[in-house]
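Presented below is the structure to which this report refers.
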Amino acid sequence: MEAQHQVTRLLVELNEGRREALDELLPLVYDEMRRIAARHLYRESAGHTLQPTALVHEAFLKLVGQDDSEWKNRLHFLSVASTVMRRVLIDHARAKRREKRGGGAHVASLDGVEVGGSDGVFEVLAIDRAIEKLQQLDPVQARIVELRFFGGVSVEEAAEILNLSTATVKRYTNSARAWLQREINRGGA
């Protein structure tokens, strides 16, 4: 609990412009960011060239390089970190596709239920397109998918981050899962 308060304190100091807080922040969030990175990479193809450590470092550099960020607390920082990691992986997949070395496929699962066709295997870019489409229809549901599916946060943590009730997060998770499954199965992504 003390480490969580220390992270929040350092984020406030970072908001106030004390760049030295970065040196103290990384060791405190590194293990959690590495777990998030491993969760993201678990869904990638076996031959993925990015490793969790590289993904953490790239995401951390992007996070702390944002001058306009107003960090609220540890959960906020980690949820944004998860989103940044997702963007890094999507950029990586797009680059691989451009180089014609394939894009890799992975199994996508939201709360243990496969999202998609009979074999459950999809390219990361197809899932990204479906989530972007959901973002246009319902930004809150799309954010819940990002937090729960990619960030690995619990229903309770997502509710805290988004200032919603746990019942609402559960309902939105189920609705988003059903919508994504239909969208991907019909080839709309």
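Assorted remarks:
- Extension gain, Ser154 back to Gln51 (0.36 nm per residue minus Cα-Cα distance, nm): 34.7 nm
- Whether segment 1-102 is rounded, prolate or oblate, judged on the alpha carbon gyration tensor where a/c under 1.5 counts as rounded: prolate
- Measuring r between the beta carbons of Asn174 and Gln4 and using R0 = 35 Å, the FRET efficiency lands at 0.75.
- For the listed peptides 56-66, 19-29, 140-150, a ranking on the average number of other beta carbons within 10 Å per residue, highest first, reads 140-150, 56-66, 19-29.
- Residue exposure sequence - Glu156, Glu183 - by fewest surrounding Cβ within 10 Å: Glu156, Glu183
- Linear extension gain, Glu70 paired with Ala167, 0.36 nm per residue minus alpha-carbon span: 32.1 nm
- The magnitude of the dipole of segment 1-102, with charges of +1 and -1 set on the Cβ of Lys/Arg and Asp/Glu and taken from the Cα centre, is near 860 debye.
- Taking Lys and Arg as +1 and Asp and Glu as -1, the other residues whose beta-carbon sits under 13 Å from that of Ala3 total -2.
Rule-based calculations on the coordinates, nothing more; no lab input. Fair warning: this is a prediction, and the values are worked out from it, not measured in the lab. FYI the Cβ positions are ideal-geometry reconstructions off the backbone, even for glycines, and counts take in every protein chain you see.
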